[in-house]
Each structure stands twice: as C-alpha cells, then as structure tokens.
1. Can you pull out every residue in segment 127-141 that is among the β-branched types (Val, Ile, Thr) and surrounded by fewer than 24 Cβ atoms within 10 Å (Cβ to Cβ)?
2. Please enumerate the residues belonging to segment 90-100 that are charged (D, E, K, R) and either in contact with a Ser or Thr (Cβ under 6 Å, 6 or more places away or on another chain) or open to solvent by 50 Å² or more (accessible area, probe 1.4 Å) (or both).
3. Kindly provide the set of residues from segment 107-126 that are open to solvent by less than 30 Å² (accessible area, probe 1.4 Å), within 18 Å of Ser178 (Cβ to Cβ) and among the aliphatic types (A, V, I, L, M), ordered by number.
4. Return only the number of the condition from (1) in a helix (DSSP H, G or I); (2) surrounded by fewer than 23 Cβ atoms within 10 Å (Cβ to Cβ) that Ala223 does not satisfy.
5. Look through Leu124, Leu156, Leu168 and report the one residue that is touching a strand residue (DSSP E or B) at 6+ places or on another chain (Cβ under 7 Å) and either of a type in the set (A, V, I, L, M) or modelled with pLDDT of 85 or more (or both).
6. Somewhere in segment 28-36, is a residue out of contact with any Lys or Arg (no Cβ under 6 Å at 6 or more places or on another chain), in contact (Cβ under 8 Å) with a residue 12 or more places away in the chain, open to solvent by less than 80 Å² (accessible area, probe 1.4 Å) and closer than 21 Å to Leu162 by Cβ?
Amino acid sequence: MNTDWLLDTNPILLALFATLFTWGVTALGAAMVFFFKEINKKVLNSMLGFAAGVMIAASFWSLLNPAIEMAEKSGTPSWIPAVVGFLAGGAFLLLVDKVLPHLHLGLPISKAEGIKTSWHRSILLVLAITLHNIPEGLAVGVAFGALASNPEAGSLAGALALAIGIGLQNFPEGAAVSIPLRREGFSRFKAFNYGQLSGIVEPIAGVLGAYLVLVITPLLPYALSFAAGAMIFVVVEELIPESQNGSDTDLSTIGAMFGFATMMLLDVALG
C-alpha cells in the first residue's frame, strides 16, 4: 500500500485522526450496552487483562525502544531519556491519581480515590476510565508527532500499529463503563453516552502530545518514555488489580498474554 500521502500529511492531523479512531472504538465498546445489561465477570476480567497486555507491549515496542534508538543516534546516553521520561510519566499519573476523583470497578463509593467529592458513583466510574485514556491518547499523539523528525514508512507503520493496538483495548474499556452504569439503573442511551465520553480525552491528549514534540523536537525521546511510564502506571495501579478481582485469575492472565502478543505482532510485523 502506498503511504507517501500519509507521510506528507501534517503529523498533528494524523494524530487527531488516529485518536478519533481510538475514541470511536471506545464508543463501539460502550454500544454493547444496547445488547447486554450484564457482563460476565470472567469475560470482563479477560478483556481487562487483554487491555493490560496491549498497554505493556505498546510501552516497550512502540515507545521505550524507539526512544532508546533516538537517543543513541543523537549521541545522548540511551538510558537517560528512557529512565527520566519513564519515571516522569509515572509521577505525572500518580499526581493525577491523587487529585482526580475516581472509583475503580467493583468497589463501593467509600473506596473512591482522589480529592473527596459528592459526585455520584457513575461519574466517578467514568473518570476512572478517563484516567486510563490520558496516557493512551498521549502515546498515540507522540508517536505520530515523531514522524516530523523521522518521516519513514517504518515509523509511520509503528505509529499506525500503536493506534490500532490502543483502539483494540479501548473496546473492553468502553463496555466496562457503559454496562455497569446500565446495571445501576441508567437508560441504555445515557449509559452509552457516559461510556463513549470516557474516551474524549484521547483526541485532546493526542493532539497535545503531537504538538509538543513538534515544537520541542529534542523532547521526543523523553516524551515517548513519558507516555510509556504513564501507561505502565495505569496498568499496575488499575488494570491488573481490576482484572484479577475474581476467583478465576488465570483467565485475566491469559488475556494479558494474548494482549501482549497481539500488540507485539502488530508493532513488529507493521513497524
């Protein structure tokens, strides 16, 4: 397939289109509420495990590894951008986690995290998934923004693979918001609307990430590593514990393995 026209397209515009796609897949997952009122706990845990596996693989293959290679080419010790950016990304999400009111799936409202608020349980559930989507959108945006300094077909394919992988794992996240809201008494349409809204931060974070690396090119390896650190924080803090919340934890572990393998296949085969 001829991708020259894509390489000639503004990276910020590509980042916008890619994150609109990932948002669209979130909406598609949220639309499952029109067909189901309940979701089997084992199925949900498997899907969350799959999402965790995709994000772990994307963090290395699509973000940290390119950051290390870019640092080596620029003459910078390769470990500096990777370590500094990675830890900064985790610290940023830790700060957001402490400040943004949110509630993890399956927990009572008394277990809500962040600044104390009187917001309804439904809003807190949506904000928990929204928290997942900030680093995902940022990662896709930074990957496409990198095309400005490395406009090669391989880099474009890697960015596309990342967008596809993030999109795949957004499907269960959309369903994980809308279906529990339906069970709590929301109408199907309202539950769907809240579910798809949880992904709206991805285009915002994606465009911002692409813009920043275009304006400050030397930041690129740090930005890639930052996005990786933010995603790993979400995986370890939220996705893995939520996916293991049940009696049959092997299913979520198998889901994570398949998620990692799927993202690795996409990135290595396409990138």
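1. The answer is Thr130, Ile134.
2. Lys98
3. Filtering segment 107-126 down to residues open to solvent by less than 30 Å² (accessible area, probe 1.4 Å) leaves 112, 114, 122, 124-126.
Pick out the ones that are also within 18 Å of Ser178 (Cβ to Cβ) and you get 122, 124-126.
Within segment 107-126, Leu124, Leu125, Val126 meet the criteria.
4. Ala223 satisfies all of (1) in a helix (DSSP H, G or I); (2) surrounded by fewer than 23 Cβ atoms within 10 Å (Cβ to Cβ) except (2).
5. Result of the check over Leu124, Leu156, Leu168: Leu124.
6. Within segment 28-36, one or more residues are out of contact with any Lys or Arg (no Cβ under 6 Å at 6 or more places or on another chain), in contact (Cβ under 8 Å) with a residue 12 or more places away in the chain, open to solvent by less than 80 Å² (accessible area, probe 1.4 Å) and closer than 21 Å to Leu162 by Cβ.
Yes/no matrix, rows are residues, columns are (1) polar (S, T, N, Q); (2) crowded, with 24+ Cβ neighbours inside 10 Å:
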| site | (1), (2) |
| --- | --- |
| Ala52 | no, yes |
| Ile56 | no, no |
| Leu63 | no, yes |
| Ile68 | no, no |
| Ala71 | no, no |
| Ser78 | yes, no |
| Pro81 | no, yes |
| Ala88 | no, no |
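Yes/no matrix, rows are residues, columns are (1) over 29 Å from Ala82 (Cα atoms); (2) open to solvent by less than 30 Å² (accessible area, probe 1.4 Å); (3) without any contact (Cβ under 8 Å) to a residue 12 or more places away in the chain:
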residue	(1), (2), (3)
Ile164	no, no, no
Leu168	no, no, no
Phe189	yes, no, yes
Val236	no, no, yes
Thr262	no, no, no
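The values are calculated or read from the model by the stated rules, or taken from the named source; none is laboratory data. Keep in mind it's a predicted model, so treat the numbers as computed, not measured. When we count neighbours, we look across all protein chains shown, and the Cβ atoms used for this are built from the backbone with ideal geometry, even at glycine. Side chains included, ligands, DNA and RNA excluded: accessible areas come from the protein's heavy atoms. Shrake-Rupley method; radii C 1.70, N 1.55, O 1.52, S 1.80 Å.
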